[in-house]
Amino acid sequence: MGEEDPGAVFESTGRVHRAMIEDFLPEDWDWTGRRTLDFGCGSGRVIRQFLPEAERAEFWGCDIDRPSIDWLQANLEPPFHFFATEEEAKLPQEDGFFDLIYAFSVYTHFTDNWAGWMAEHHRVLADGGLMLLSFLGEGMLNSLTGDTWDGDRVGMNPVLYGYPWELGGPIAFNSEWWIRAHWGRAFEVVTLNPIQGGDPPFGHGMALLRKKSGTITVEELERLEPDEPREIAALQYNVEQLRDDTLRLREDNARVRAVMDDQREQITAAHATIAENVRLRQEMERSISWRLTAPLRAARTGIRRLRPPVGNR
Ligand SMILES: C[S@@+](CC[C@H](N)C(=O)[O-])C[C@H]1O[C@@H](n2cnc3c(N)ncnc32)[C@H](O)[C@@H]1O
């Protein structure tokens, strides 16, 4: 691993992602007058690359991380617009507000409410509007879990529930057939690259979707695809993955408990030593010789007090 300057990486990967967005968009795409949402914009790595276009188009960024949004509002607004989101899948914009939504490494972390967010993104997109999402597919399963990819056993497979964000957060894997079946209920799948390849985004999948008109509900998005045996296989595999997660947590738990037991033993031993020392001291103070020599000790303490400190002699 080279010791690359984080600022330079932030800048260069932001540029790469901007170029990738433009590669996915239709050839006749023109930013003028368009409204774009960077969903889960983080600290603005990608959106800031659109500074020239922000003069003639609206670029909005949102994130659930309030400090990032505070910083972006203080430093990049205007020309950009930023707002914070909550856990609930809800955006403040009216129906059909955006022409384009893109989300890098955000749906990759949705373990529970992916369908709520997808329905909400569908709502705020104009008819025919585009959504560009990165997802975790076969390019990432092995490096993140050690398992070998079998697309017939992956649908929407969330793992690492509640995993700390500073260690990478929870993640979910999606396969091509599942995306076509479920996301395809709300969107036409325009382009689906299971492995985008390159560095970055090193093996994330990318999906370009076009909104189908009408409305869509969470239940409609989540419903198992009828006559699709891979739905059951994926659920079975997900049970295995979650079982492995649970076992790992139990092992971690056992390790933490062993350390705590060890520390408790050390504390108990220290308490016993202190108690023994106190007992010996009390015993000594009660002894006849200690009491007989008490005046000598008092005199020595008095002499010490009368002596000037060493530096003043
Ligand atoms: C891995 S980071 C990617 C940040 C940014 N898209 C980028 O590529 O630099 C994932 C981001 O998604 C944000 N996020 C997670 N859940 C969210 C939600 N429900 N609404 C908005 N943002 C969310 C996180 O706070 C984080 O900033």
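The values are calculated or read from the model by the stated rules, or taken from the named source; none is laboratory data. Everything numeric in this text was worked out from a predicted model, so none of it was measured. Positions of Cβ are backbone-derived with ideal geometry, glycine not excepted, and every protein chain shown enters the neighbour counts. Accessible surface is based on the protein model in full, side chains and every heavy atom, while ligands, DNA and RNA are left aside. Shrake-Rupley method; radii C 1.70, N 1.55, O 1.52, S 1.80 Å.
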Identify, among A74, L192, I267, the residue whose Cα sits farthest towards the positive end of the charge dipole of the chain, taking +1 on the Cβ of Lys and Arg and -1 on the Cβ of Asp and Glu, with the dipole about the Cα centre.
I267
For segment 4-17, what does the Karplus curve 6.51 cos²θ - 1.76 cosθ + 1.60, with θ = phi - 60°, yield as ³J(HN,Hα) per residue in whole Hz, taken in order and with x for Gly and Pro?
7, 5, x, x, 5, 5, 3, 5, 6, 5, x, 5, 4, 5
Classified through the alpha carbon gyration tensor (a ≥ b ≥ c as square roots of its eigenvalues; rounded if a/c is under 1.5, else prolate when a/b is larger than b/c, else oblate), segment 1-151 comes out rounded
Explain nothing, just the number: dipole magnitude of segment 8-230 about its Cα centre with +1 on each Lys and Arg Cβ and -1 on each Asp and Glu Cβ, in debye rounded to the nearest 20.
180 debye
Over what distance in Å are the Cα centres of segment 234-275 and segment 76-105 separated?
41 Å
Quick one: of the DSSP bridges fully inside segment 87-206, what percent are antiparallel, nearest 5?
55 percent
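Once you order the gyration tensor axes a ≥ b ≥ c over the Cα atoms, which shape class does segment 6-72 get: rounded for a/c under 1.5, otherwise prolate or oblate by comparing a/b with b/c?
Working: a/c = 2.06, a/b = 1.35, b/c = 1.52.
In terms of gyration-tensor shape, oblate.
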Taking θ as phi - 60°, what are the ³J(HN,Hα) couplings along segment 113-122 by the Karplus curve (6.51, -1.76, 1.60), each to the nearest whole Hz, with x for Gly and Pro?
9, 4, 6, x, 5, 5, 5, 5, 5, 4
So in the chain, what percent of DSSP beta bridges are antiparallel if you round to the nearest 5?
45 percent
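Could you sort I303, I69, I288 by their accessible area in this structure, using a 1.4 Å probe and putting the largest first?
Details: I303 95, I69 0, I288 120 Å².
Largest accessible area first, the list is I288, I303, I69.
In whole percent, what relative contact order does the chain give with Cα contacts below 8 Å and a gap of six or more residues? Don't skip to the answer; put the middle values down first.
Working: 439 pairs, mean separation 41.0, N = 313.
Value for the chain: 13 percent.
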Show L160, L125, L292 ordered by accessible area, largest first, where the area counts protein heavy atoms only and the probe is 1.4 Å.
L292, L160, L125
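Computing the accessible area with a 1.4 Å probe over protein heavy atoms, can you report the carbon and sulfur percentage for the chain? Let's see the in-between values first.
Values: 9770 of 18240 Å².
Carbon plus sulfur share of accessible area: 54 percent.
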Search the structure for amide H atoms under 5 Å from the amide H of G61, placed 1.01 Å from N in the peptide plane, and list their residues when 5 or more places away or on another chain.
D38, H81, F82, F83
Using only helices, what value at 222 nm comes out for the chain when you add -39,500 (n - 2.57) per DSSP H run of length 4 or more and divide by the total residues, to the nearest 500 deg cm²/dmol?
-14500 deg cm²/dmol
In whole Hz, what ³J(HN,Hα) sequence does segment 276-293 give by Karplus (6.51, -1.76, 1.60; θ = phi - 60°), x for Gly and Pro?
5, 5, 5, 4, 4, 4, 5, 4, 5, 5, 7, 6, 5, 4, 4, 5, 5, 8
